[in-house]
Amino acid sequence: MRERTLFLSAIVAIVLVALGFVVASQANLMPPAASTRAVEVDQLFRVLLGVSTVIFFLVEGALVFAVLRFRKRAGDDKDGPPIHGNASLEILWTLIPTAIVVVIGVYSFQVLMSIENPGRSPRIVEIIGRQFAWNFRYPDQDLATSELHLPVGQPVVFQITSEDVIHSFWVPAFRGKRDATPGQVSEMAITPREIGVFPVRCAELCGAGHSIMTSQVVVESQDAFDSWLAQQQALANDPGQLFLTAGCGGCHTLAVTGNTGVVGPPLDGLAARAGERGPGEDAAHYIEKSILEPDGFIVPGFQPGLMPKDFGQRLTPQQIQALVAFLLAQP
Ligand code: CUA
């Protein structure tokens, strides 16, 4: 009898461990692992998933077995046997979970230490969240861009902040997510390991345009990255580029820059429409005023209070004039 129980327990244990192993090695729930941190996070996730699978089927299996085996049968009105505990069983079911939790805790801590290590001489990239766009700055080049490009294999530290409400910078393929908090800079270390284009999301409900607060990160070879940087520097004062780096495209539709935002009014053909807003007001003045004091006139059908009111500080007067002329020229 005792030998049969031991034999059955061994079979059950082997089946459960095999099942945990299959689930951990076959489950494919993650996007591509595009950073070195992603590889370690995925490995940790697989170990946790495997261990959880074994525990889940062990506990649920014991539960279902007990319900079937010890259920009340017709005509059986006896009390159950009076059981007052079982010391060795209680020691066992305390020690085993403790050991599992300690091992997982030590392993997780090692992974955490490893993925937060920025590596040797990382490049700094500043990430600025604002309603409703991500903007990027390369402080070594004193360059603001609307796209995030990174050279493959080079460690980066993101310095993440927000200019208005709390956003959350999230690149699923990097397995990295950090809140972008106004008045605070949060760091996140990444080393991209795969060339490609990966989505950037906002993971914190931040207002009407939260779901369109998307961007992408382009991971490319060092040569491609260098020529992109040079091209961006050449474009730094181009008004179309300014429209993107200032974040206008996050909320407004404009054909020439390929933006399709619907939080604010569309800006194509503004020269023709702007004159209708105020009697005798010329279009250039109307556009400039709308940039500097966005709540001064609200186009019917749109919400006040959504557009940032600090473009007067963020852009130089020359940049604002260049933007106004650029918008006036759009058919
Ligand atoms: Cu920014 Cu959600």
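Here are the numbers:
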read-out: Residue in the range 230-247 that is assigned by TED's automatic domain parsing to the domain that holds Leu323, within 16 Å of the ligand (Cβ to nearest atom) and either part of a loop (DSSP other than H, G, I, E, B) or crowded, with 18+ Cβ neighbours inside 10 Å (or both) present; value: yes
read-out: Among (1) open to solvent by 30 Å² or more (accessible area, probe 1.4 Å); (2) of a type in the set (Lys, Arg); (3) within 16 Å of the ligand (Cβ to nearest atom) - the single one Arg123 does not satisfy; value: (3)
read-out: The range 126-153 - residue that is touching a Ser or Thr at 6+ places or on another chain (Cβ under 8 Å) and within 16 Å of Ala38 (Cβ to Cβ) and, of those, surrounded by the most Cβ atoms within 10 Å (Cβ to Cβ); value: Val152
read-out: Matching residues in the range 192-216 - criterion: being β-branched (Val, Ile, Thr) and either within 16 Å of the ligand (Cβ to nearest atom) or part of a loop (DSSP other than H, G, I, E, B) (or both); value: Ile195, Val200, Ile212, Thr214
read-out: Failed item, numbered, when Gly301 is tested on (1) within 28 Å of the chain's Cα centre (by Cα); (2) under 19 Å from Gly209 (Cβ atoms); value: (1)
read-out: Selection from the range 217-229 of residues that are crowded, with 17+ Cβ neighbours inside 10 Å, hydrophobic (A, V, I, L, M, F, W, C) and not in a helix (DSSP H, G or I); value: Val217, Val219
read-out: Subset of the range 99-120 that is touching a strand residue (DSSP E or B) at 6+ places or on another chain (Cβ under 8 Å) and either of a type outside the set (D, E, K, R) or in a helix (DSSP H, G or I) (or both) - its residue that is most open to solvent (accessible area, probe 1.4 Å); value: Asn117
read-out: Odd one out for Gly261 among (1) open to solvent by less than 60 Å² (accessible area, probe 1.4 Å); (2) within 30 Å of Thr191 (Cα to Cα); (3) within 16 Å of the ligand (Cβ to nearest atom); (4) in contact with a His (Cβ under 7 Å, 6 or more places away or on another chain); value: (2)
read-out: Considering residues of the range 154-191 that are more than 15 Å from the chain's Cα centre (by Cα) and either free of Cβ contacts under 8 Å to residues at least 60 places away in the same chain or assigned to a strand (DSSP E or B) (or both) only, the residue farthest from the ligand (Cβ to nearest atom); value: Pro155
read-out: Exclusive hit being at pLDDT below 90 and in a helix (DSSP H, G or I), set Leu49, Leu6; value: Leu6
read-out: When residues of the range 126-147 are limited to those that are in a strand (DSSP E or B) and away from the ligand (no atom under 16 Å from the Cβ), the one farthest from the chain's Cα centre (by Cα); value: Leu143
read-out: Sole residue being open to solvent by 60 Å² or more (accessible area, probe 1.4 Å) and in contact with a Pro (Cβ under 8 Å, 6 or more places away or on another chain), chosen from Lys289, Lys309; value: Lys309
read-out: Every residue from the range 246-288 that is within 37 Å of the chain's Cα centre (by Cα) and modelled with pLDDT under 80; value: none
read-out: Among the residues listed as Val156, Val197, Val111, the single one being within 23 Å of Val39 (Cα to Cα) and touching a Pro at 6+ places or on another chain (Cβ under 6 Å); value: Val156
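The values are calculated or read from the model by the stated rules, or taken from the named source; none is laboratory data. Predicted model, so just to flag it, every value in this text is computed and none were measured. Heads up, the Cβs are rebuilt from the backbone with ideal geometry, glycines too, and the neighbour counts pull from every protein chain shown. Keep in mind that these areas ignore ligands, DNA and RNA; they rest on the heavy atoms of the full protein, side chains included. Shrake-Rupley method; radii C 1.70, N 1.55, O 1.52, S 1.80 Å.
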